[in-house]
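Only one structure is covered here, and it is reproduced in the block below.
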Amino acid sequence: MIAALLRSLQPQEAALLRRALLAMAASALAQGLALGLLPMALASALEAATARTPWLWAAAFGGFAGLCLWLRRRAQLAGYRAGAAAARSLNLRIGRHLARLPLEWFVERRGAEFNRLVTHTVAQIMSAPAHLLQPMANALLTPLALLVALWCYDLSMALAALACLPLLVLFYHWGVRWGGQAEQHSEAAAGEAAARVLEYLRQQPLLRASGRNGEGFSLLGAALQQQRQAQRRAHWRTFPAALGLVLALQAGYTAVLLCGLYAVLGGSLGAVQYLALAVLATCLVEPMGALVNLGTSLRQTRHGLDSLRQLLDLAPLPEPAWPQVPADRRLEVRQLGLERQGRAILQDISFTLEPGSLNLLVGPSGSGKSSLLRLLARFCDVSHGAILLGGVDLRQLSASQRDRDIALMFQDCPPLAASLLDNLRLGRPEASEAQLLDAARATGLDRLAQRLPQGWQTRVGEGGVSLSGGERQCLALARVMLKDATLILLDEPTAALDAISEARVNQSLRQLARKHTVLLATHKPTLAPCAGQILVLDQGRLAQHGSHSQLMAAPGRYRQLFHEREAINRWRLRTPSSVPQRTVHHD
Ligand SMILES: Nc1ncnc2c1ncn2[C@@H]1O[C@H](COP(=O)(O)OP(=O)(O)OP(=O)(O)O)[C@@H](O)[C@H]1O
């Protein structure tokens, strides 16, 4: 565990931990020496009349006890310092590592798993030096020093104590072997239960709507049940070894006392010395008994470190050793392909987006529009083909260049729990007031700010709970417009807007596309006649591409989609007088 902990730390924090470990070892040994002197101090105090140097032993004992207290205090402080530094270092490492992981990693369900790692595991590691390693040092080194002392006082008692050592080691290892795997399962089950609890909280509207609230949410119930079972299994797996360890300790203790008694009866040991050595034997057993609980805590910390290692070992997106700079703002996609879980999501897609153009990406649900946008923003790397921005492969651009050149607005765009202004500024922190206002006017965000009680300073709550879906979309759109990126990728940017807001945003997008390259995935064809190019995706392939008039002139997927949409737009409600049932019809 110590080696794994040292490996996961930066050199500076590892040095702090090593110093803390040294202090703990010194404190444990000093405690052993002080206790080792106790029989002499006790015996000489009890036999003060006959002893030649009663105060010498008492002073030596007092000196070592004082040294032990001082060292223990130092070790404790060093342990706290090392734990805090380790937590800080690990949190920083995790944060830096997350910033380099493919964005695709965050799309999947990772919240709870990550939350548990940062809160529970890092806190566990933080408390390990002070609350785990010090008792561990006491349990191992103090008895060692006491054993040496016992050896000096009475060989038979020391041999009896030594004889139980192999049994202790055996039971401890059985505990590790039997309990290790079960405890790992128990940790995994605890992680799953934590994830389900978080899901239960977040998905309350969905669960209530489907009548699955409370005890009806069987997924949470099952996860909690599994956690209980896993914990019980882990307990029963470690119980025999823990019991064996306690029994071996008690047997050793009894053997030591019996050997001493035998020596007293034989006349080789005085009654007073025997009493003092019995006290010493108790001090020998007590810290070793702590091994039972320490073993479980140590293994749990070890599992936590392993989970952390797995996260830190996840490969980040490869960064180029010599980043290149795009020659212009043209985007070219060459024979692009994407595979996931052995399935082709996108296949053989090639097209070009000219600088300063408005492009639409259309296609039925599940045709691959969002997946294509994610690839263009390098959430992950293509499985086949290449994406070139200004003649440079996306994989050869530095992360900062890519972040500067590409802006992406998702379908779901929850803002941060900050003010409306802070959320807008995220798009471009150095933007002037005029630029902020331009972006706000283009999306209607200025009117929203006027309506809110504290204007631009109104806090929008976690995930923007105090904003409507359309307002959240306006904010995200304004942020993207403010960013002034070369390539602007928008996934259904007007899906939640009313017709008037949509018309305003469409007008702004057309203006934006005069300067920037805009690619907009949409199910609404309102911008189609103004788009320079329309890309039609169908089952992960580029079925057609061209202008609206070109695509409407030829039979194909686009014309079909367009007519389907037109037919839906012609739907109208008939009054009850003309239709007996209250139903919605379309012509
Ligand atoms: N990480 C993934 N692993 C496996 N399959 C995936 C993954 N991401 C997307 N898919 C699958 O790829 C297909 C395309 O999904 P995508 O979200 O790109 O479609 P879309 O055209 O944007 O749909 P919509 O219009 O409904 O938003 C879907 O069938 C989806 O299930």
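The values are calculated or read from the model by the stated rules, or taken from the named source; none is laboratory data. In this text, all values refer to a predicted model and were calculated from it rather than measured experimentally. A quick note on method: Cβ atoms are made from the backbone with ideal geometry, for glycine too, and the neighbour counts reach across all protein chains shown. What goes into the accessible areas is simple: the full protein's heavy atoms, side chains included, and nothing from ligands, DNA or RNA. Shrake-Rupley method; radii C 1.70, N 1.55, O 1.52, S 1.80 Å.
Roughly speaking, to the nearest percent, how much of segment 331-573's 1.4 Å accessible area is carbon and sulfur? Intermediate results must be reported in sequence, preceding the final value.
Numbers: 5380 of 11080 Å².
Solvent-exposed carbon and sulfur of segment 331-573 make up 49 percent of the total.
Can you give me the accessible area per residue for segment 360-410, using a 1.4 Å probe, in Å²?
Values: 1600 Å² over 51 residues.
Averaged over the residues of segment 360-410, the accessible area is 31 Å².
Considering the alpha-carbon set of segment 217-332 alone, what are its Rg and its Dmax in angstrom?
29.2, 100
Compute from the Cα atoms of the chain the Rg and the Dmax, the latter being the longest Cα-Cα distance, and quote both in angstrom.
According to the Cα coordinates of the chain, Rg and Dmax are 35.5, 122 Å.
Just to confirm a number: summing +1 for Lys and Arg and -1 for Asp and Glu over residues other than residue 89 whose beta-carbon lies under 13 angstrom from that of residue 89, what do you get? Display every interim value, and only then the final one.
Details: positive: 7, 81, 88, 93, 96; negative: 13.
With Lys, Arg at +1 and Asp, Glu at -1, the net is +4.
Using a 1.4 angstrom probe on the protein heavy atoms only, line up 274, 558, 262, 80 by accessible area, largest first. Before the final figure, lay out the partial values.
On the way: 274 40, 558 10, 262 180, 80 110 Å².
Result of the area sort, largest leading: 262, 80, 274, 558.
Quick one: accessible area per residue over segment 435-567, 1.4 Å probe, rounded to a whole number of Å²? Please list the in-between numbers first.
On the way: 5980 Å² over 133 residues.
Averaged over the residues of segment 435-567, the accessible area is 45 Å².
Could the peptides 27-34, 422-429 be put in order, highest first, of the mean number of other beta-carbon atoms found within 10 Å of their residues?
On the way: 27-34: 23.6, 422-429: 18.0.
Final packing ranking: 27-34, 422-429.
Only helices at least 30 Å long along their own axis, judged from Cα atoms, and with Kyte-Doolittle mean hydropathy of 0.5 or greater: name those in the chain from DSSP H. Show your work: numbers first, answer last.
Numbers: long enough: 11-46 (52 Å, 1.17); 54-100 (68 Å, 0.20); 165-202 (52 Å, 0.04); 218-266 (71 Å, 0.53); 291-313 (32 Å, -0.31).
In the chain, the long hydrophobic H runs are 11-46, 218-266.
Charges on Cβ only, +1 for Lys and Arg, -1 for Asp and Glu, centred on the Cα centroid of the chain; of 225, 301, 379, which one is farthest towards the dipole's positive end?
Value: 379.
Please give the per residue accessible area of segment 2-313, computed with a probe of 1.4 Å over protein heavy atoms only, in Å².
Value returned for segment 2-313: 54 Å² of accessible area per residue.
In whole percent, and with a 1.4 Å probe on the protein chains, what portion of the accessible area of segment 2-313 is carbon and sulfur?
Whole-percent figure for carbon plus sulfur exposure: 64.
Counting only the heavy atoms of the protein chains, how much of residue 185 is accessible to a 1.4 Å probe, in Å² to the nearest 10?
For residue 185, the solvent-accessible surface is approximately 110 Å².
Let's see if you can work this out: charge +1 on each Lys and Arg Cβ, -1 on each Asp and Glu Cβ, no other charges. What is the dipole magnitude of the chain about its Cα centre, in debye to the nearest 20? Present the calculation step by step, with values, prior to reporting the outcome.
On the way: 60 positive and 41 negative charges, 131 e Å.
Magnitude of the dipole: close to 640 debye.
Under 8 Å for C-alpha pairs, at least 6 residues apart: give me the relative contact order for the chain, rounded to a whole percent.
13
Pull up the DSSP beta bridges for the chain and report the antiparallel fraction as a percent, rounded to 5.
55
Please arrange 500, 345 by accessible surface area, largest first, computed with a 1.4 Å probe and ligands excluded.
Numbers: 500 125, 345 40 Å².
Ranked list, largest accessible area first: 500, 345.
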